[in-house]
Structures are given as C-alpha cells and as structure tokens.
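Student: Quick one: structure below, then a few questions.
The values are calculated or read from the model by the stated rules, or taken from the named source; none is laboratory data. The shown structure was predicted, so the numbers you read here are calculated from the model rather than taken from an experiment. Cβ: placed from backbone, ideal geometry, glycine included. Neighbour counts: every protein chain shown. The area values use the complete protein model at the heavy-atom level, side chains included, leaving out ligands, DNA and RNA. Shrake-Rupley method; radii C 1.70, N 1.55, O 1.52, S 1.80 Å.
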Amino acid sequence: MTDAPDPCAVTAADDPCAAGAAEAPGARLCPGGEGQVSHAIARVARAHRITAGNLLRRLGLYAGQELMMMRLWDAGPQRQSELIKLLGLDPSTVTRMVQRLEQAGLVTREPCAADRRAVVVATTEAGEALRKEVGRVWQELEERTLAGLGDDDRSELARLLAHVEGNLTGC
C-alpha cells in the first residue's frame, strides 16, 4: 500500500514567495474550501505583521512595541495596568515589552504617586524622537499593503474590515 500525498499540504513548489512566507493568492487550505476567508485573513495578518516587523527593525523596535509607543505619545504617561487593557495583551507580555523599551532608553517606569503599587510608564526624550520615524514606517506599511488599490477599493476594504472586526469583537 502506498501513501497518497496529502491534498491539504502546501509544498515549496506551490509557494511563489518561498520558505512558506505566504501562499499563492486565493490558495485554499484544503480543496473543500472550508474557512477560505478566515485562512486568507490569517495569511494577510501574518504577512502584514512580518512586513511591519521588518520595517520597524530599522528603528530598533519589534512589531507591537510601536503600538505601545503610539498610545503613550497620544495619551501621555499611563499606568502599566491601563496599557495592558488598552493593548489587549497578557500582563506578562506588556511587562516584557515595557522592560525592553526601558532597556532601549525609550520609556521610563516609575511608581505612581497616588498608588505606590502601580507603575507609570512614560516616554523618554529618545522615545519621543522616534514618533515621526514610526509614522513614516506606518505610512510605508500602508503604501505596501494597499499598492494597486484605488481610493474606492481602499475605502471599501476599510469598511469591510471594520465590519469583520465588529463581528469578532461584538462592537
């Protein structure tokens, strides 16, 4: 008895981007097509995060750290517990992120004056200096992501993604 090839397997020959970075546009996980859209969303999200990470690396940041920095730039110093809620991340993830940003000299952590048990995170001068560069990276990411789409398609994509997000978050 010979082993039949797995119909759901994706080989390097099937992958125009090589090394499993992304599947061919419109590729399905399995021939039956179950979860086609969800699989496409997962592939796009992964490719977007990898691209963002590559662009942010030029600034000495990891993907996700810029979101915390953006929050601090917009709202000023925040309790770490508030950052955990706002970013929707695990407390240990935020703690490690803050520690790495602090080691890089981009944020400070100090006890809250009103509640010494709480920690307040604030940007440093070096952290503030990254603001425009992060904005440029996000603009480049946006341009790469939406290349070839006209204004109407971009608006429709934003509308559809907001609708999908609402379905998933209940908002």
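Student: Quickly run through region 84-118 and pick out the residues that are over 27 Å from the mean Cα position of the chain (by Cα) and without any contact (Cβ under 8 Å) to a residue 12 or more places away in the chain.
Tutor: Pro111, Ala113, Ala114, Asp115, Arg116, Arg117
Student: When you scan region 105-117, do you find a residue that is modelled with pLDDT of 95 or more and exposed (fewer than 13 other Cβ atoms within 10 Å of the Cβ), even just one?
Tutor: Yes, region 105-117 contains a residue that is modelled with pLDDT of 95 or more and exposed (fewer than 13 other Cβ atoms within 10 Å of the Cβ).
Student: Working only within region 119-129, note down all residues that are in contact (Cβ under 8 Å) with a residue 24 or more places away in the chain and either of a type in the set (A, V, I, L, M) or in contact with a Leu (Cβ under 7 Å, 6 or more places away or on another chain) (or both).
Tutor: Result: Val119, Val120, Val121, Ala122, Thr123, Gly127.
Student: Please state which of the following conditions Val120 fails to meet, knowing it meets all the rest: (1) in contact with a Cys (Cβ under 7 Å, 6 or more places away or on another chain); (2) open to solvent by 60 Å² or more (accessible area, probe 1.4 Å).
Tutor: Of (1) in contact with a Cys (Cβ under 7 Å, 6 or more places away or on another chain); (2) open to solvent by 60 Å² or more (accessible area, probe 1.4 Å), only one is false for Val120: (2).
Student: Moving to a separate point now. Starting from region 34-48, take each residue that is open to solvent by 50 Å² or more (accessible area, probe 1.4 Å) and list its partners that are of a type in the set (Ser, Thr, Tyr), counting only C-beta distances under 9 angstrom and pairs at least six apart or across chains.
Tutor: Close Cβ pairs (under 9 Å, with a partner that is of a type in the set (Ser, Thr, Tyr)) amount to Val44/Thr145; His48/Thr145.
Student: Return yes when Arg71 is open to solvent by 60 Å² or more (accessible area, probe 1.4 Å) and out of contact with any strand residue (DSSP E or B) (no Cβ under 8 Å at 6 or more places or on another chain) and no when it is not.
Tutor: No, not satisfied.
Student: Next question, about the same structure. From the residues in region 130-163 that are hydrophobic (A, V, I, L, M, F, W, C) and surrounded by 13 or more Cβ atoms within 10 Å (Cβ to Cβ), which one is farthest from Ser38 (Cα to Cα)?
Tutor: For region 130-163, the residue satisfying everything is Leu130.
Student: A further question on this structure: For region 50-66, enumerate the residues that are in contact (Cβ under 8 Å) with a residue 60 or more places away in the chain and either surrounded by 15 or more Cβ atoms within 10 Å (Cβ to Cβ) or under 22 Å from Val121 (Cα atoms) (or both).
Tutor: Within region 50-66, Thr51, Ala52, Leu55, Leu56, Leu59, Leu61, Glu66 qualify.
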